[in-house]
């Protein structure tokens with residue numbers, strides 16, 4: 001009877017999640033950073049989103065380290081950490097916990113976290129994070145298409161500009177020829193008239 005209640009409450013939670021996002025997408029988007037040409041989430045931000053301590057998240061990852069190859073998760077270098085810290089506003093309490101560079105997770109690493117963290121909240125938040133990554137990818141793809149079209153228009157404009165300049169050059173040459181002809185006609189004829 002208790003297990004049925006748990007199943008029912010989990011199903012209710014999932015239905016509620018589908019109707020209302022657990023977290024605003026903007027909150028997740030603001031936590032995504034670009035590092036080594038990849039979109040990643042920092043371990044402490046993920047822990048915050050999942051509602052667990054950073055050390056708990058990292059312990060779960062270390063217990064299942066085979067699931068996290070280098071393209072799923074990596075540790076920031078000291079230089080990257082200093083740049084990252086300088087770009088965000090952190091209180092003194094936040095800085096106190098940063099004795100070593102944090103781990104960061106790529107999109108695939110975040111997907112793998114759902115198998116490591118087995119709480120209902122972690123699963124639901126993970127689904128939402130994956131949806132945000134998908135939205136970002138679509139948005140970037142649409143921007144790439146727009147940029148490609150603009151470049152082709154610009155290229156066409158350059159070609160047309162070159163053609164227009166060539167036309168003007170021909171017109172100038174024709175104008176010069178007409179001036180030369182009128183100058184020849186306007187000259188007095190020197191010599192004998194027959």
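The values are calculated or read from the model by the stated rules, or taken from the named source; none is laboratory data. Owing to the predicted nature of the structure, the values given are computational and were not obtained by experimental measurement. Neighbour counts run over all protein chains shown; Cβ positions are idealised from the backbone, glycine included.
Going through the stretch 68-89 one residue at a time, which ones are closer than 19 Å to residue 107 by Cα and without any contact (Cβ under 8 Å) to a residue 12 or more places away in the chain? Correct list: 69, 70.
Do we find that residue 76 is at pLDDT 55 or above, crowded, with 17+ Cβ neighbours inside 10 Å and farther than 16 Å from residue 113 by Cβ in this structure? It is true that residue 76 is at pLDDT 55 or above, crowded, with 17+ Cβ neighbours inside 10 Å and farther than 16 Å from residue 113 by Cβ.
Against the conditions (1) closer than 14 Å to residue 121 by Cα; (2) modelled with pLDDT under 85; (3) surrounded by fewer than 15 Cβ atoms within 10 Å (Cβ to Cβ), residue 13 satisfies every one except (3).
For the stretch 16-31, a tally of residues being modelled with pLDDT under 75, part of a helix (DSSP H, G or I) and surrounded by 11 or more Cβ atoms within 10 Å (Cβ to Cβ) returns 2.
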